[in-house]
1. When 1/r is averaged over all different Cα pairs and the result inverted, which Kirkwood radius in Å belongs to the stretch 266-328?
2. Based on the Cβ-Cβ distance of Ala28 and Lys116, what FRET efficiency does E = 1/(1 + (r/R0)^6) give at R0 = 45 Å, to the nearest 0.05?
3. Between the stretch 257-328 and the stretch 195-256, what is the C-alpha centre distance in whole Å?
4. Check the stretch 234-328 and count each lysine pair with an alpha-carbon distance under 20 angstrom, considering only pairs eight or more places apart or from different chains.
5. With a ≥ b ≥ c the root eigenvalues of the C-alpha gyration tensor of the stretch 130-175, is it rounded (a/c under 1.5), prolate (a/b larger than b/c) or oblate?
6. At R0 = 25 Å, how high is the FRET efficiency between Glu188 and Lys260 if r is their beta carbon distance? Nearest 0.05 is fine.
7. Setting aside same-chain residues fewer than 8 positions from Lys49, which lysines have a Cα under 20 Å from its Cα?
8. I need the phi-derived Karplus couplings for the stretch 238-244: 6.51 cos²θ - 1.76 cosθ + 1.60, θ = phi - 60°, integer Hz, Gly and Pro marked x.
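The values are calculated or read from the model by the stated rules, or taken from the named source; none is laboratory data. Since the model is a prediction, treat every value here as computed from it, not as a measurement. Positions of Cβ are generated from backbone atoms using ideal geometry, with glycine treated the same way; all protein chains shown enter the neighbour counts. For accessibility, only protein heavy atoms count, side chains too; no ligands or nucleic acids. Shrake-Rupley method; radii C 1.70, N 1.55, O 1.52, S 1.80 Å.
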Amino acid sequence: MTRPFLAIVLSLCVPLLAVPAFATSTDAEFIGLAKARKLAEVEALAREKLARNTKDDVALWYLARFAGGDAKKRDELIPRAEQCIKELPQSARCHHILGSLYGAAAMSAGIAAGLKYAGNIKDMFQKAVELDPKHFDMRRDLIQFYLQAPGIVGGSVRKAIQNSADFAKVDPARAQLLRAEVHIYEKEFDKAEAILANIKPGTDGDLADSLSGATSSLGFAMVNANEAAKAQKLFERQIAADAFNANAHFGLGRALLEQKQIDASIASMERALQIDPKLTAHYRLGIAYQTKGDKPKAAAMYKQFLGYSAQGRAADDARKRLDELKAD
């Protein structure tokens, strides 16, 4: 081969070699932003990644999880998730994304209209777990579907228990978290608390975070079940272990509010917002201030809450309370 001919061949190959191959994103690129609850940054990074690689199911997964609560963005994301499944039929994330988006749409639509999504949600979550049986979030969402959905569309406590048992074969510690969630749903709070107390995260930071979240969920369930005194003790133990646990301070505030300890409740919820200004505590804090008789602060809290949560039962109640404050 002559040198000129070789040079021509190499020159033709250079453009092919120079084309960048955009790999799928990794969880590590998003997890720090997600833990810091920098939602805008998560969305921006995900969209940047997807602009480079439309088949980046990891980027789409994070985009859907952190932007799917917005109805307009959800309308954009559902077709993308459906296309994701067509292009990557073996991607657990694509199926889980679509199930999650259908779930958010169902919640916005109300119980009657939302039932039409139920079968699709179940199918997507089941397929995601089938494709990636070791993924904790996917397994947890399937179990929550079984617990929350009516039996007529596939809900089943028995199936939830079986799924937590199946998960124990691959991740025993996190499977205990899932079993505790079943007990919480069944209002078997003592059993849930005993399970959570026996989980030892050691150096597993992600497990420690999940354990903290599950413990807070137990406390909030106690408050909602009129067991505020027990919830108070649980949240106080959480705060003793971690004074910067914003959810625990908020939970303690809720428990104190139910027990009519208004000033202590306000102090605890204000502390929660100092630690985490993005915490959705303003609605309950508004109720606390209204109960105390501080109408200006109550109105300010309700308005702030409605600024980021304009739909749902709490939003409707906040608007009603604002009207009452204006009428007084």
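1. Details: mean 1/r = 0.0866 Å⁻¹.
Over the stretch 266-328, the inverse of the mean reciprocal pair distance is 11.6 Å.
2. Working: r = 38 Å, r/R0 = 0.83.
With R0 = 45 Å, the Cβ-Cβ based efficiency is 0.75.
3. Centre-to-centre distance over Cα atoms comes out at 21 Å.
4. Here the count comes out as 15.
5. Numbers: a/c = 2.45, a/b = 1.87, b/c = 1.31.
Prolate, since a/c reaches 1.5 and a/b exceeds b/c.
6. The calculated FRET efficiency here is 0.35.
7. List returned: Lys35, Lys38, Lys73, Lys86.
8. Values, residue by residue: 4, 5, 4, 7, 8, 5, 9 Hz.
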